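Throughout, read-outs are computed from the coordinates displayed, never taken from laboratory work. Worth saying up front: this structure is predicted, and the values here are computed from it rather than measured. Counting neighbours? That spans all protein chains shown, and the Cβs are built from the backbone with ideal geometry, glycine included.
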Amino acid sequence: MAMTETRPVSVDLQENEENRAVIEAIEADNEDLTIRHVPGLVKLQAPGRLVIKRESVEERLGRTWETHEFQMAIVTLSGHITEWDEDQIVLSWGHPERD
């Protein structure tokens, strides 16, 4: 019997004070998340799906946060943005209608 492995998705974010709340929120909301720090970047990787929730970011940031602000933090990503609305952003390898 062959083992099936879930294809990881990932996002690399600029490591700075503004993005710390975003990184902490992603860590809190994604089980099995792998985080790696390299100079100037934080590499976040999860098996199959990664979620960024507006509410979680706002709790840590202490102010209103709109999901479009995420664009300023992204350096690169691996996967598809299968959902992006005012409440959350989802990275996966699927399609929005099947996720």
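Can you list which of the trypsin sites (Lys or Arg not before Pro) found in the stretch 3-62 are DSSP loop residues with at most 12 other C-beta atoms within 10 Å? If you can, show how the numbers build up before the last one.
Working: sites: 20, 36, 43, 49, 53, 54, 60; in loops: none.
Answer by residue number: there is no such site.
Could you grab the relative contact order for the chain? Cα pairs under 8 Å, six or more apart, rounded to a whole percent.
32
Over the chain, what lengths in whole Å, largest first, do the semi-axes of the equivalent ellipsoid take, defined as the square roots of 5 times the eigenvalues of the alpha-carbon gyration tensor?
Values for the chain, descending: 22, 16, 12 Å.
What distance in nm separates the two pseudo spin-label positions at residue 59 and residue 27, each 7 Å out from Cα along the beta-carbon direction?
1.5
Could you give the length gained by full extension between residue 69 and residue 7, i.e. 0.36 nm per residue of separation minus their alpha carbon distance, to one decimal place?
Going from the current span to full extension adds 19.7 nm.
Could you pull out the GluC sites (Glu not before Pro) across the chain that fall in loop regions by DSSP (anything but H, G, I, E, B) with no more than 14 other Cβ atoms inside 10 Å?
Within the chain, the qualifying GluC sites (Glu not before Pro) (loop, at most 14 other Cβ atoms within 10 Å) are 5, 17, 18, 31, 66, 86, 97.
Under the rule of -39500 (n - 2.57) per DSSP H run of 4 or more residues, summed and divided by the residues of the chain, what mean residue ellipticity at 222 nm is obtained, to the nearest 500 deg cm²/dmol? Please list the in-between numbers first.
Values: 2 runs with 18 residues, N = 99.
So the calculated ellipticity at 222 nm is -5000 deg cm²/dmol.
Using the alpha-carbon atoms, what tilt in degrees (0 to 90, nearest 10) does helix 20-29 show relative to the longest principal axis of the chain?
Rounded to the nearest ten degrees, it is 40.
For the stretch 26-84, go through all pairs of different Cα atoms, get the mean of 1/r, take its inverse, and jot down that Kirkwood value in Å.
Result for the stretch 26-84, one decimal place: 12.7 Å.
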